[in-house]
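*Asks:* Below: one structure in structure tokens.
What follows is calculated from the coordinates using simple rules that are stated; it is not laboratory data. Given the structure is predicted, the values throughout are model-derived calculations rather than measurements. Cβ sites come from the backbone with ideal geometry, for glycine too, and all protein chains shown count toward neighbours.
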Amino acid sequence: MPDTDEPRATRAQVGIGTLIIFIAMVLVAALAAAVLLNTAGALQAQAEATGAESTAQVSDNLDVYTAVGTIDENNNIPTIEITVGPGAGSSAIDLEEATINYVGSGGQAYLVLDDEDITVDGADGTVLERGSDRATLSINLEEAAGPLEADDDASVTIMTGQGVQTTATITVPSTLESEGSSVRL
């Protein structure tokens, strides 16, 4: 009878070894799945943050409606007023966080707006919240880069606090008359 027990014991040892290897493989697969899920979660969070930032940069823009200059006694334009409003789908835009890069014939200036330079119609303070809100930004060119003269061109780039840039090109008419009057640029 001892001959019949021998093959049975060998088969049991092979079965236990296979079971141990199978359990080890299941544990390794579970660890690999946990690492993959953790990485996927981190990538998803990063993608959502990038998407929200990209959406804000695309949608939180300003629309430029008008640019008007006031003519002084020397037939120059020492100040300009630019009327802006929030673009379609924009969230609230605080104009005190905005900066202006002005490039004209007299030079270049980097301006930081304060509440004295901003007049907002239809909103409280300096924040454009609704699509119907309008703000007038006053830029003193004499302090910035020198006044505009007849036939001058200038570029005004407004960067919001969200990092969105809006550029307006200003072209002065070839003749400037009537001190104290305004001219659309």
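*Asks:* How far apart, in nm, are two points set 7 Å out from the Cα along the Cα-to-Cβ line at D151 and at N75?
*Replies:* About 1.2 nm separates the two model spin labels.
*Asks:* So what is the calculated 222 nm ellipticity per residue for the chain, using -39500 (n - 2.57) for each DSSP H run with n of 4 or more, over all residues, to the nearest 500 deg cm²/dmol?
*Replies:* That calculation yields -12000 deg cm²/dmol at 222 nm.
*Asks:* Right, another one. About its Cα centre, how strong a charge dipole does the chain have in debye, to the nearest 20, once Lys and Arg get +1 and Asp and Glu get -1 at the Cβ?
*Replies:* Computed about the Cα centre, the dipole is about 1680 debye.
*Asks:* While we're on this one: Note the full-extension length gain between I16 and N101 as 0.36 nm times their separation in residues minus their Cα-Cα distance, in nm to one decimal.
*Replies:* 22.9 nm
*Asks:* Pairs of alpha-carbon atoms within less than 8 angstrom and 6+ residues apart define the contacts here; what relative contact order does the chain have, in percent?
*Replies:* Across the chain, relative contact order equals 23 percent.
*Asks:* Something else: Could you give the C-alpha radius of gyration of the chain expressed as a fraction of 2.2 N^0.38 Å, taking N as the number of residues it contains?
*Replies:* For the chain, the normalised Cα radius of gyration is 2.12.
*Asks:* To continue, here is another question. Round to the nearest 10 and give me the degree value, 0 to 90, for the angle of helix 2-59's Cα axis relative to the longest principal axis of the chain.
*Replies:* 0 degrees
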